[in-house]
Amino acid sequence: MNMRIMGNIKVLCIGDVHLGRPSSRMVLEAAQTDSDFPSPRDTLTQTTIRAQRLAVDVVVFSGDVVDQSNAHFEAFGALSNVVKMLAQAGIKVYAVAGNHDYEVLEKLAATIPEFRLLGADGSWEEEVLTLRESKLRIQGKSFTKRHSPDDPVADYTPPQDTIPTLALLHCDLGGDSNYAPVSLSQLESKAPSAWVLGHIHKPVLLKDDPLIFYPGTLHPLDSTETGPHGPWLLEIDPSGKASAKMIALAPLRYEYLRISLDGCDSVAEARTRITKDLSSWREEHLAELEDVQTISLRLSLTGHTAIFSELPLLCQELEENSEELMPGLQIEKIMQNCRPQVPLQTLAAGQDPAGLIARKLLILEQRLPQHDYTELLAAGRRHILAALQQADLPHEFNSNLEDPEVASVLDQAAASLLNLLLSQKEQSA
């Protein structure tokens with residue numbers, strides 16, 4: 001039976017894909033060891049298969065399908081195969097161009113007949129489709145250059161009839177931006193049945209009524225893009241009401257998890273707590289993990305513990321046995337932010353080396369005074385970058401050193417040194 005005979009209009013919405021984007025650090029490491037690692041192209045293929053299984057009427061892309069114009073050939077192969085599969089299933093494909101693919105997407109659309117690019121000249125364009133006994137209007141406006149500080153909805157006219165209307169737009173939300181800035185109030189005041197937006201990589205449902213959402217990246221591109229990713233299924237019922245929900249199809253998931261070892265008196269107790277917290281996280285998110293093959297985890301260990309000096313070996317043990325802790329788990333990084341089980345405030349009152357280090361740790365912990373905290377991070381960043389450059393590591397390992405990472409390195413180094421000083425003091429007593 002053809003699932004499209006009756007029922008809701010179904011549209012599978014795909015956000016930023018960035019076909020051809022250079023690999024993140026973890027993907028590079030996987031390539032060097034000849035291990036498989038899920039890619040945006042893999043997720044796009046799985047999304048196509050799911051679109052066929054769901055018997056959707058239309059698939060739409062909200063921009064940045066391709067990362068840059070130099071990814072033309074890679075994108076052509078992936079996109080043409082996907083569009084061909086969808087066309088064979090009777091599924092139409094529409095898209096708008098974003099700030100990354102404004103040049104290449106128009107060229108690709110010219111060579112893939114079933115791929116319909118809307119608003120390629122920078123103006124609003126629409127098509128009305130007849131789907132069974134219903135109609136659906138799809139509107140879109142594309143980027144025509146890398147930067148566009150102009151309001152993209154200033155010249156948008158909302159539909160004046162009762163035909164369900166889906167508007168595609170690649171835009172930034174609010175503020176001063178070079179990437180087609182819009183405000184939520186603007187989108188609400190000129191509302192079609194649904195706004196499907198691109199550019200922001202975090203999936204977010206902004207409004208239920210009118211329906212306004214960013215599908216986010218189809219496949220997470222780096223460790224900052226945590227949580228589930230995938231296409232969104234948008235449905236319009238016979239009354240014209242639109243709703244949407246994510247289908248967590250991406251086989252890769254990045255996560256950041258903080259586990260407190262506060263009060264742990266033995267390595268065995270710490271192991272038990274880590275195992276318990278990881279199991280609890282997995283149970284909480286089990287429904288989102290059905291299609292996930294790899295969970296790339298950044299783990300932060302916190303708290304005051306008596307086993308501080310034994311933590312490096314525990315961290316090594318965790319990294320070597322991550323698959324035993326959770327299926328598909330790969331620990332990308334462990335940030336050891338624990339502290340020795342000593343009263344920092346008391347130590348900080350001293351004028352000895354331990355007191356100096358304790359005062360620095362308090363600045364890192366409280367981020368106060370602000371001036372001292374900023375200076376501490378700046379000095380730490382200079383020393384860390386110098387050490388990385390001296391080690392002659394690839395550029396990938398030297399870039400994007402953010403404040404939390406600098407603070408974590410300083411915290412670990414200072415806490416380790418403090419623990420060593422206190423241990424030496426105990427031994428000499």
For this session: Would you point out which residue out of Asp209, Asp172 is touching a His at 6+ places or on another chain (Cβ under 6 Å), free of Cβ contacts under 8 Å to residues at least 40 places away in the same chain, among the charged types (D, E, K, R) and farther than 21 Å from Leu44 by Cα?
Result: Asp172
Exercise. In the range 1-60, which residues are of a type in the set (Gly, Ala, Ser), closer than 18 Å to Val82 by Cβ and modelled with pLDDT under 95?
Worked result: Gly20, Ser39
Exercise. Looking at Val83, Val96, which one is in contact with a Ser or Thr (Cβ under 6 Å, 6 or more places away or on another chain), closer than 21 Å to Leu197 by Cα, assigned by TED's automatic domain parsing to the domain that holds Leu54 and crowded, with 21+ Cβ neighbours inside 10 Å?
Worked result: Val96
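Quick grid of which residues meet (1) of a type in the set (Gly, Ala, Ser); (2) within 33 Å of the chain's Cα centre (by Cα); (3) modelled with pLDDT of 90 or more:
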| residue | (1), (2), (3) |
| --- | --- |
| Thr346 | no, no, no |
| Gln370 | no, yes, yes |
| Ala386 | yes, yes, no |
| Gln389 | no, yes, no |
| Asp403 | no, yes, no |
| Ala415 | yes, yes, no |
| Leu421 | no, no, no |
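Scan the range 252-270 and give yes if some residue there is of a type in the set (Phe, Trp, Tyr) and out of contact with any Ser or Thr (no Cβ under 6 Å at 6 or more places or on another chain), otherwise no. If you could, list the steps in order and put the result at the bottom.
Of the residues in the range 252-270, the ones of a type in the set (Phe, Trp, Tyr) are 254, 256.
Checking the rest, the ones that are also out of contact with any Ser or Thr (no Cβ under 6 Å at 6 or more places or on another chain) come to none.
No, that holds for no residue.
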Exercise. Do the conditions hold for Glu235, that is, is it at pLDDT 95 or above and surrounded by 15 or more Cβ atoms within 10 Å (Cβ to Cβ)?
Worked result: yes
For this session: Please tell me if Lys202 is closer than 23 Å to Asp291 by Cβ and either touching a Gly at 6+ places or on another chain (Cβ under 6 Å) or surrounded by fewer than 15 Cβ atoms within 10 Å (Cβ to Cβ) (or both).
Result: yes
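Among the listed residues Leu286, Leu314, identify the single one that is under 27 Å from Asp222 (Cα atoms), touching a residue at least 12 places away in the same chain (Cβ under 8 Å) and not assigned by TED's automatic domain parsing to the domain that holds Pro38.
Leu314
Conditions (1) within 20 Å of Ser243 (Cβ to Cβ); (2) assigned to a loop (DSSP other than H, G, I, E, B); (3) of a type outside the set (A, V, I, L, M), marked per residue:
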residue: Arg146; (1), (2), (3): no, yes, yes
residue: Thr157; (1), (2), (3): no, yes, yes
residue: Thr162; (1), (2), (3): yes, yes, yes
residue: Leu166; (1), (2), (3): yes, no, no
residue: Leu169; (1), (2), (3): yes, no, no
residue: Ser177; (1), (2), (3): no, yes, yes
residue: Ser185; (1), (2), (3): no, no, yes
residue: Glu188; (1), (2), (3): yes, no, yes
residue: Pro192; (1), (2), (3): yes, yes, yes
For this session: Return the only residue of Leu377, Leu356, Leu286 being farther than 27 Å from Leu401 by Cβ and hydrophobic (A, V, I, L, M, F, W, C).
Result: Leu286
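Take residues that are at positive phi and tell me which of the strands (runs of 3 or more DSSP E) falling wholly in the range 195-240 contain 2 or more. Break it down stepwise before answering.
Details: elements: 204-207, 211-214, 232-236.
Result: empty, no element qualifies.
The values are calculated or read from the model by the stated rules, or taken from the named source; none is laboratory data. These figures come from a predicted structure and were not determined experimentally. Because the Cβ atoms are built from the backbone with ideal geometry, glycine has one as well, and the counts that use them run over all protein chains shown.
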